[in-house]
Protein chains: 2
Amino acid sequence: MATINDIGVAAAINIVTALAFLLAFAIFRIQPVNDRVYFPKWYLKGLRSSSIQTGGFGSKFINLDFRSYIRFLNWMPEALKMPEPELVDHAGLDSVVYLRIYLLGLKIFFPIACVAFTAMVPVNWTNKGLDRLRHYNISFSDIDKLSLSNIPNGSPRFWVHLCMAYAITFWTCFILKREYQNIALMRLQFLANDQRRPNQFTVLVRNIPSDPHESICELVEHFFKVNHPDHYLTFQAVHDATKLSELVLTRKQMQNLLDYNINKHMRNQSNRPVIKMGFLGCCGEEADGIKYYTSVVEGLTREISEEKQRLRTGTKSIVPAAFVSFKTRWGAAVCAQTQQTRNPTEWVTEWAAEPRDIYYDNLALPYVDLKIRRLIVGVAYFFLTFFFMIPIAFVQSLANIEGIEKAFPFLKPLIEVKFLKSIIQGFLPGIALKIFLLFLPRILMQMSKFEGFVSTSSLERRAATRFYMFQFINVFLGSIVTGTAFQQLNSFLNQSANDIPKTIGVSIPMKATFFITYIMVDGWAGVAGEILRLKPLIIYHLKNSFLVRTEKDREEATDPGTIGFNTGEPQIQLYFLLGLVYAAVSPILLPFILVFFGLAFVVYRHQVINVYNQKYESAGKFWPDVHRRVVTALVVSQLLLMGLLSTKHASKSTPLLLVLPLLTIGFHKHCKNRYQPAFVTYPLQEAMIKDTLDRIREPNFNLKAFLRDAYAHPEFRVGEDPEPEEKLESDMSPPELVATKRGSWRNTPLPSKQSCRDIP
Amino acid sequence: MATINDIGVAAAINIVTALAFLLAFAIFRIQPVNDRVYFPKWYLKGLRSSSIQTGGFGSKFINLDFRSYIRFLNWMPEALKMPEPELVDHAGLDSVVYLRIYLLGLKIFFPIACVAFTAMVPVNWTNKGLDRLRHYNISFSDIDKLSLSNIPNGSPRFWVHLCMAYAITFWTCFILKREYQNIALMRLQFLANDQRRPNQFTVLVRNIPSDPHESICELVEHFFKVNHPDHYLTFQAVHDATKLSELVLTRKQMQNLLDYNINKHMRNQSNRPVIKMGFLGCCGEEADGIKYYTSVVEGLTREISEEKQRLRTGTKSIVPAAFVSFKTRWGAAVCAQTQQTRNPTEWVTEWAAEPRDIYYDNLALPYVDLKIRRLIVGVAYFFLTFFFMIPIAFVQSLANIEGIEKAFPFLKPLIEVKFLKSIIQGFLPGIALKIFLLFLPRILMQMSKFEGFVSTSSLERRAATRFYMFQFINVFLGSIVTGTAFQQLNSFLNQSANDIPKTIGVSIPMKATFFITYIMVDGWAGVAGEILRLKPLIIYHLKNSFLVRTEKDREEATDPGTIGFNTGEPQIQLYFLLGLVYAAVSPILLPFILVFFGLAFVVYRHQVINVYNQKYESAGKFWPDVHRRVVTALVVSQLLLMGLLSTKHASKSTPLLLVLPLLTIGFHKHCKNRYQPAFVTYPLQEAMIKDTLDRIREPNFNLKAFLRDAYAHPEFRVGEDPEPEEKLESDMSPPELVATKRGSWRNTPLPSKQSCRDIP
């Protein structure tokens, strides 16, 4: 077991790493050349058009004003300065609610840490429970003396831990409830103050049954004219534009290559760039790069406009789903919340997400497909979680020194160098696992996509749930009860229900030092690395040197990124879990978690203000998930404490502890009934108020024109922009994403053809 | 273990009992004096006004036509004759759907029994697995040779049982799905063909928030005028009429006593009946019975009309709930399915049940109360189920011979008679348990009432669920794993998840003979007893001799009763459970279950046609519960078979058996998504069709007048009837329940005062 010294060394290393990252960031961010990496949000909002320039030519790229280096930690107070309502305007409600998860952590754990250190640490420390172990030559450290392990079996001091468990439960529930209430209110307020948006009037209808006598467009029109006669306004058919998307993507890649060649030519005007036509551009005939790619791009452009024409005029590509818009928000709210026909699997209605949140590829999936896909993904996820070690172990067995030598004999002399050999042998087995873990969020995201969700926000929410489950089983349980997840599952099935919490509970205090190290590496250094944005920095500079010619190109090269709910939130939840589990057992963990929450809050607040550009605005729709997971963590912590205490001959406390999970589950149900509807439905009263206000303010507003093409496939919307050929001339064309005051997506009605033939 | 002979004897006894009941019924039913007991339905429908008379004076009471005795089993084919659509018209959809549960049993178990007897019985019989037991002097019977126990461990013959399990699962699911589909269709058809009813236009609003500036009536009016401007029509306030109900009940009892005294006087004109005023009419001053009760009834009548006046004019008694009616079914469907305000616990809307189905006492309960009550009832039910033996054991310990001798010393010589002593000692301990089990459905019903459901149908559904759970734990598990429910719970908690199905599974084959006897006693004899209606028969004749003076009194003395969903359905479900569990283990049980289902179907069909008068019509809303319980039974049977086979060293089959519960749960989810909405919501398309038809047929129908007072408290509706004083004169007044074509409750608009002051 680690001593305080070991922990001290680990802490020092991690603090130095984190400080190095922060220092690097502080230096990089004030270099004008990095401006678009560290402040892309301001460019997107149109508040900054090019890098700040302080002096002559050199200062265009490097900051020569040495005074600014002294104030290098300035960003921290600056990040905290912007008040919350302004931040909602600046970055949207999603980001603000996301930041509140960190605040929630501080609110929950700060008082708990204070109480734990004043009340529990002395109780644990002034015991000699662990001294017994000396007789058995089992070593222990001072850290362990702070934990519950130090109390001898059956001691009356366990009442303190019991009271602490009650205090933790009530405090956590109190904070959770207040937070749920606040965020529900913020969401409702946000929706109430929100400007007119297409999704307020629109409902997504799926599983439109086929009819031999009518086309889908006619069916939709007739159905809603009959069943919502007073409220129905118009609809937007959904096209299956997969081919178009592919073409556009290819054209973009070709355009990049063309740009690269043109840039090459411009730098070296004497000879035109030459490319090879064969495999990967390594062999084959030679050709003029610029000419070749220009012709390819032109061909693709032609194909794209043909495909667009085909989609616009034909009806064969229309899928059995539609965006139906209503005259009032009230009408849309009614349609979204009611069942339309006898068969609940046909004409399924739901609130349409924002246009930019829609994931168009899944709109066409029929009901039965969805069920089958859900089943397949469920099974796949089960195997992924419990058996992911099998393929990795297989790869590891292949990727050893001998395997490499066999596959690439020419590397043999290099590998046989002793120093390199030990590095490879040490790192290689781990690399397969690391790569897998790096790709895991993407795999989970692909699973969600396959499962058939129709909005990016729900895709991310589902992926987050799965990622959390994976971490819970493989990181949390996997570290405590050593062994693969499947071995655990098997042993749990063969244990009695009473024994499971015992088995896990017993090992908890012993793993405290491991988790402290984990928090420092994954939490502290990870967060500091996040603010440095090393990957976007490199990619931006690469793009900048090879692809960028115009200011618009530079804008496209800027990748502000998003908060990444599907990876970030499960990570935070792991800290909630660790904090709650260890609060009553080894409170020494709490300060480390508090530092994480504090640092992460400042860093992410800075990023939200200056960097991230959310792809959609769901108005904090993910909060019920956050709440549910914290409650789950609370219940898990209670069960494990119960298991731990029962092995400590303090079984008298079991009935008292058994009440806690029941109370917590009751609390969760109450919160769910009380606050969850605010995140799912749109109350009619709210809709009516907004409708009435609108009618008074703008009685003659042309809603139909406003809604037209709002939900057209993104490629159609892009298609109305100037073609790439024209782009070459227009050097200062407006940025592609028109910035509006809040949230912002392009909603100016574009004059386009009716996407479905007129209906008699 | 019982031999075939023992079973034969038990079967003979039970068959004789059942036949005796049936014979008694056959004789009783053709006596004109019992006509109102055995054919009350026809009286209620107005198709029979007085007993069939075949001859002179004597034949008014006793059937002297001896030919009719020969055809005494005629009722059986007659009961089966009426076609289903006619039965829907005659008795309502609830009864027809209820009968289909028995049919479902026949449909599921008849083919299974055929296959089991042709395929499995030979496989089980031609083994010598049980012969081993001879060495250990363990006796077994021929019955056991038919079961899975007879197959030696690890035999490949278990593949037959595995296939059988698959066949049972697929067949049961197939039948269940088809039945769910049929019944959903029947329900939708029934609702579509239904005549105009107040509940189609009405929504129950609860938890209306209080407002210091407006009364509840004003609040409701304003809220719905604002938020449903195009559809809102009117509303009906709900009064807290508990006091009125009590007064009416007391008057009814007093009226009965008055009638009794008048009757007594009429029979013996010479002396007027005298009553004593003291405790229970046993002591105290004497008074003239007729005069006394007349004055009491008059006083109560005055009080009742005062109370009614108070409720009508005052607003203090109005509770924060209201029945809000809409101009169209569409408007009501929308309001019922949507959330009204930000706070989901205020202005909670739901479909109003039929007026006669409403349970008025619970309408006023606020949201928080409901939650607390649910918690209390949940805890109470847990203790009732797992600890019910404790108070009974306590009573049993008191109710022994010595206890009785101490309490009533004068009984001592009687008790000391040896014969009586042994009877008392034998029966007394059982009596406390029997009484408890008799009262259990009532206790569960009271629990549901306390829990706060607002319609009788939902009360019955919840009580049925609880009764089923109780039977599952205490009858099914309690018989298999001997011991009280709490001991079981404790041992399950201390066993591994894998071991629980094993423990139960092993004992299953051994308990086959016990359950065969149970089926014969509880099922066969019970059903035959049901048709005899002994209790209503006795009560009717008692009432007839003491209380009845007019034809109307006789009508009131008739108690047709109802199907009793809350007691009947859980009983059937127990047979489904037994059938599914034993189908693959000891198929010998199946014929007994088939006989039960067949007999019960005929008997209940007869009762539905001739006797029962449903108190409400929920259009088969209980079917999802029925379906869910059969699916649960199927999953339980699969798990137990898995446990049983794993102890038989046939663990190779475990993975194959593990697939079955997963498939079944998937099937259940599919059915739930696909068919359950038909039992919960009213699709807008259906509402629109009926609205449109109505508008065409009767464009000038006065809906407001039609709906007025439809949902008034029943005492208000009764109050519009002639007062009891007038009743004395009107000998042939129309029956209280006006019979309409189907279902039938009084819905003629009564001219009454507006129950809430007019709103400006």
With a 1.4 Å probe and ligands and nucleic acids left out, the total accessible area lost when A pairs with B, in Å² to the nearest 100, equals 3500 Å²
Taking a crude spin-label model, label points 7 Å out from Cα along the C-beta direction, the A:E214 to A:L375 distance in nm is 3.2 nm
For the stretch B:161-220, the percent of accessible surface on carbon and sulfur atoms (probe 1.4 angstrom, ligands and nucleic acids excluded) is 60 percent
If R0 = 60 Å, then A:D288 and B:S155, at their Cβ-Cβ distance, give a FRET efficiency to the nearest 0.05 of 0.15
Subtracting the Cα-Cα distance of A:F394 and A:E86 from 0.36 nm times their residue separation yields 105.6 nm
Here D for the stretch A:526-632, in µm²/s, from Stokes-Einstein with a Kirkwood Rh over Cα pairs at 4 °C and 1.567 mPa s, works out to 79 µm²/s
Computed from the beta carbon distance with a Förster radius of 30 Å, FRET efficiency for A:K421 and A:F514 to the nearest 0.05 stands at 0.55
Within the stretch A:285-317, the residues whose backbone N lies under 18 Å from a label point placed 7 Å from the Cα of A:T250 along the Cα-to-Cβ direction are A:292-311
Residues from the stretch A:315-351 losing no less than 10 square angstrom of accessible surface in the full protein assembly compared with the chain alone, 1.4 angstrom probe, ligands and nucleic acids excluded, are A:W330, A:V334, A:Q337, A:T338, A:Q339, A:Q340, A:T341, A:R342, A:N343, A:P344, A:T345
By accessible area (1.4 Å), largest first, A:K421, B:K291 order as B:K291, A:K421
On the formula 1/(1 + (r/R0)^6), with r taken between the Cβ atoms of B:T647 and A:L433 and R0 of 35 Å, the FRET efficiency rounded to 0.05 is 0.30
Rg/Rh over Cα atoms for the stretch B:193-257, Kirkwood Rh, comes to 1.16
With every protein chain kept in place and a 1.4 Å probe, the stretch A:600-639 has an accessible area per residue in Å² of 21 Å²
Check: C-alpha center the stretch A:455-484 vs C-alpha center the stretch A:656-699, spacing in Å is 27 Å
Expressed in nanometres to one decimal, the distance between label points 7 Å along Cα→Cβ at A:E78 and B:T681 is 5.1 nm
Heavy-atom accessible area of A:I372, protein chains in place, probe 1.4 angstrom, given in Å² to nearest 10, is 90 Å²
In Å², rounded to a whole number, the accessible area per residue of the stretch B:223-330 with probe 1.4 Å is 53 Å²
For the stretch B:572-655, shape from the Cα gyration tensor axes a ≥ b ≥ c, cut at a/c of 1.5 then a/b versus b/c, turns out oblate
With a 1.4 angstrom probe the carbon and sulfur portion of accessible area for the stretch A:510-598, in percent, totals 66 percent
Rounded to the nearest 10 Å², the accessible area of B:H668 using a 1.4 Å probe with every protein chain kept is 40 Å²
Honestly the stretch B:545-692 on the Cα gyration tensor test (a ≥ b ≥ c root eigenvalues; a/c under 1.5 rounded, otherwise a/b vs b/c for prolate or oblate) is just oblate
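The values are calculated or read from the model by the stated rules, or taken from the named source; none is laboratory data. All of these numbers come straight from a predicted model, not from anything done at the bench. We place every Cβ from the backbone using ideal geometry, glycine too, and count neighbours over all the protein chains shown. Note: areas computed on protein heavy atoms with side chains; ligands, DNA, RNA excluded. Shrake-Rupley method; radii C 1.70, N 1.55, O 1.52, S 1.80 Å.
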